[in-house]
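What follows is a single structure, written as structure tokens, with notes after it.
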Amino acid sequence: MSQLSERLTGLQQAIAQKEERRAAGEKEPCTIDLIRADKEKALSIINSWRKNAVLYSKKQAIEDCNFLIKFLNKLMK
């Protein structure tokens, strides 16, 4: 039950922050901006997905991960 409470509290805080930014006239960051802000974390997540795909011999998932890695690297240039 405490995990549910923590998630609910986190969601409420995120909504409140979004409303504050909107009220202040700030623009919401887009996904690309968020990825650029933390490229290493994004690459780490995609690499872990790829390792799992290789482990379970999921060819399409491996191709998707490879595409995401190439896309992310091009995006960061």
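Of Lys51/Lys74; Lys18/Lys51; Lys41/Lys70; Lys27/Lys70, which pairs sit farther than 26 Å apart, going by alpha carbon to alpha carbon? Result: Lys18/Lys51; Lys27/Lys70 exceed 26 Å.
PRE reach from Asn47 (point 7 Å along Cα→Cβ): which of the range 63-77 fall under 14 Å by backbone N? Under cut-off, by backbone N: 66, 69-70, 73. Each residue, Leu75 and Ala23, gets one label point 7 Å from its Cα in the Cβ direction; the gap between the two is 3.1 nm.
For the range 41-53, 3J(HN,Hα) computed residue by residue from phi via the Karplus equation (6.51, -1.76, 1.60; θ = phi - 60°) reads 5, 4, 4, 4, 5, 4, 5, 5, 4, 5, 4, 5, 5 Hz, glycine and proline entered as x.
Here, each number is a calculation from the coordinates, and none is a lab measurement. Keep in mind that this is a model prediction, so the values were computed, not measured. A quick note on method: Cβ atoms are made from the backbone with ideal geometry, for glycine too, and the neighbour counts reach across all protein chains shown.
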